[in-house]
Amino acid sequence: MRILVFVLVQAVPGLLGWLWQGWPGAAAGVAGGSVALLALDAWHGRRFMRWLRAPESSPPPALRGLWREAAHRVARALREERERGRESARRLDDFLAAIQASPDGVILLDAEGRIEWCNGMASRHLGIDPRRDLLQHIGNLVRDPAFAAHLAGRDGTAEVALAGRDHTPAQPVRLSVQMHPYGAGHRLMLSRDVTALVQSDAMRRNFVANVSHELRTPLTVLAGFVETMQSLPLAEDERARYLDLMAGQSARMKALIDDLLTLSRLEGSPPPGADQADLPALMAQCEAEARALSNLLHPSAEPAQRLRFAELPGFALTGAAHELRSAISNLVNNAVRYTPAGGAIDVAWQRLPDGGARLSVADTGPGIAPEHLSRLSERFYRVDHSRARASGGTGLGLAIVKHVAQRHGGELQISSVLGHGSCFALALPAQRVRELNAATAP
């Protein structure tokens with residue numbers, strides 16, 4: 001087409017020139033047509049180049065011939081490029097949104113260790129401001145000798161433990177940080193909150209140490225008594241006394257193992273169902289155990305402990321009856337163990353405004369200092385080790401109560417004033433309380 005136009009633009013003026021002035025006119029016509037065609041082509045080229053300097057600001061100009069084809073091809077290529085750019089931007093936004101949602105902190109570092117980008121979790125872990133600290137060197141913001149050595153080592157397989165931004169001695173926060181190289185010297189820095197893992201590991205070690213200690217003492221006593229009875233001739237009264245002491249230590253070990261098994265069952269069993277528990281029978285058993293324990297601990301005390309069990313309310317509980325009995329028994333027996341002779345223990349159920357129920361066990365014992373209250377439900381935690389051992393407790397009772405409460409959707413509540421007694425309560429939600437008809441109420 002372009003060749004045809006070129007021939008016509010030269011042939012028509014050449015023919016007209018030949019008809020007018022012969023061959024000189026024909027040559028002049030051909031030359032004039034060529035110049036006009038070149039001028040038109042240059043004008044189209046100039047318009048094309050002017051548009052090409054800023055193709056996004058206006059549509060392609062109305063051109064002819066190859067210039068129009070070139071303009072349309074360039075415009076189409078630009079549209080496709082813009083669409084690819086928008087698609088890449090959407091993918092990048094989705095990728096960054098996914099990293100923002102990550103539970104781990106993510107920081108992108110350049111070859112010099114400067115921050116190129118970080119997500120919100122990294123900001124919370126290390127106190128980095130994603131805008132203010134952009135292009136800041138990470139070593140200037142995380143000042144920890146172990147991290148500095150890790151950063152300089154460029155070992156992507158190792159991890160380093162750091163204290164988090166919100167770390168305090170009362171509430172420690174531990175982080176695990178690891179570097180992963182990528183690209184041309186860049187590094188991906190990951191931070192992970194391992195506080196729960198560290199605390200779990202510490203609790204496991206403490207638990208094993210506490211169990212070993214609690215079992216070692218009675219085993220040592222038993223071994224000593226057995227060796228004495230095997231090697232020395234003993235009078236009948238001495239022999240009987242040693243056997244009584246051995247029986248006491250055996251009972252202590254059995255109580256400890258029973259509590260450990262109870263905790264194991266609570267942690268590994270499915271959630272309790274909605275079976276109705278026989279609350280009157282359950283409370284009667286707990287009262288009988290408490291009075292027997294009180295008489296055992298204070299056989300000749302005057303005045304004896306005053307145990308007051310309030311009248312049962314007109315509702316029933318749903319859940320695992322044996323778990324509820326264990327929790328209530330532990331609360332009441334703890335009060336009996338730690339309340340001196342002459343003290344009072346009040347046990348009462350009450351209905352809560354939200355429809356739930358609450359068992360309170362209030363005593364007039366020595367009370368507990370505030371710094372101990374938050375740790376009382378930890379396994380083997382004791383305020384006074386010597387007194388706890390003398391009372392016969394295993395150190396697992398309140399841990400069992402807490403597990404039972406949580407499994408039933410409730411909570412263990414503790415309040416105490418040093419020197420004025422304590423109140424331990426088992427609060428259960430409304431879905432664990434069932435109304436009784438007047439005919440079936442106790």
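Identify, by number, the condition in (1) in a helix (DSSP H, G or I); (2) modelled with pLDDT under 80; (3) not acidic (Asp, Glu) that residue 59 doesn't meet.
(1)
Select, from 131, 84, 143, the only residue that is at pLDDT 85 or above and open to solvent by 60 Å² or more (accessible area, probe 1.4 Å). Step through it out loud before you land on a result.
Details: 131 fails: at pLDDT 85 or above; 143 fails: at pLDDT 85 or above.
That would be 84, the only listed residue that is at pLDDT 85 or above and open to solvent by 60 Å² or more (accessible area, probe 1.4 Å).
Please go through the range 331-353 and give me each residue that is in contact with a helix residue (DSSP H, G or I) (Cβ under 6 Å, 6 or more places away or on another chain) and open to solvent by 30 Å² or more (accessible area, probe 1.4 Å), ordered by number.
334, 337
With respect to residue 97, determine if the residue is surrounded by 14 or more Cβ atoms within 10 Å (Cβ to Cβ) and either of a type outside the set (A, V, I, L, M) or assigned to a helix (DSSP H, G or I) (or both).
Details: surrounded by 14 or more Cβ atoms within 10 Å (Cβ to Cβ): no; either of a type outside the set (A, V, I, L, M) or assigned to a helix (DSSP H, G or I) (or both): yes.
Answer is no for this residue.
What's the number of the only condition in (1) free of Cβ contacts under 8 Å to residues at least 60 places away in the same chain; (2) open to solvent by less than 80 Å² (accessible area, probe 1.4 Å) that residue 311 fails to meet?
So the condition that residue 311 fails would be (2).
Hey, among the residues in the range 107-128 that are within 19 Å of residue 194 (Cβ to Cβ) and of a type in the set (Gly, Ala, Ser), which one's least open to solvent (accessible area, probe 1.4 Å)?
My answer is 122.
Return only the number of the condition from (1) modelled with pLDDT under 90; (2) part of a loop (DSSP other than H, G, I, E, B) that residue 409 does not satisfy.
(1)
All but one of (1) assigned to a helix (DSSP H, G or I); (2) open to solvent by less than 60 Å² (accessible area, probe 1.4 Å); (3) of a type outside the set (Lys, Arg) hold for residue 317; state the number of the condition that does not hold.
The number of the failed condition is (1).
Could you list all residues from the range 90-135 that are under 20 Å from residue 162 (Cα atoms) and of a type in the set (Lys, Arg)?
Correct list: 114, 124.
Of all residues in the range 320-330 being under 15 Å from residue 413 (Cβ atoms) and either of a type outside the set (Gly, Ala, Ser) or more than 35 Å from the chain's Cα centre (by Cα) (or both), which is least open to solvent (accessible area, probe 1.4 Å)? Lay out the reasoning, then the answer.
Initially, the range 320-330 is screened for residues under 15 Å from residue 413 (Cβ atoms), giving 327-328, 330.
Remaining after also requiring either of a type outside the set (Gly, Ala, Ser) or more than 35 Å from the chain's Cα centre (by Cα) (or both): 328, 330.
Details: 328: 1, 330: 27 Å².
Within the range 320-330, the match that is least open to solvent (accessible area, probe 1.4 Å) is 328.
Checking the condition basic (Lys, Arg) and either exposed (fewer than 11 other Cβ atoms within 10 Å of the Cβ) or not in a helix (DSSP H, G or I) (or both), which residue from 90, 68 passes? Spell out the reasoning first.
Working: 68 fails: either exposed (fewer than 11 other Cβ atoms within 10 Å of the Cβ) or not in a helix (DSSP H, G or I) (or both).
Checking each option against the conditions leaves just 90.
Select from the range 197-238 the residues that are farther than 23 Å from residue 395 by Cβ and loosely packed, with under 12 Cβ neighbours inside 10 Å and list them in ascending order.
227, 230, 231, 232, 233, 235, 236, 237
Where the second residue is charged (D, E, K, R) and the first is surrounded by 11 or more Cβ atoms within 10 Å (Cβ to Cβ) and lies in the range 252-275, which pairs have Cβ atoms under 8 Å and are six or more apart or on separate chains?
Sorted first by the residue in the range 252-275, then by its partner, the pairs are 256/214; 263/379; 266/323; 266/407; 272/323; 272/407.
Looking only at the range 169-191, count how many residues are more than 20 Å from the chain's Cα centre (by Cα), open to solvent by 70 Å² or more (accessible area, probe 1.4 Å) and charged (D, E, K, R).
0
The values are calculated or read from the model by the stated rules, or taken from the named source; none is laboratory data. All values reported here derive from a predicted model rather than from experimental measurement. All Cβ positions, even for glycine, are placed from backbone atoms using ideal geometry, and neighbour counts span all protein chains on display. The area values use the complete protein model at the heavy-atom level, side chains included, leaving out ligands, DNA and RNA. Shrake-Rupley method; radii C 1.70, N 1.55, O 1.52, S 1.80 Å.
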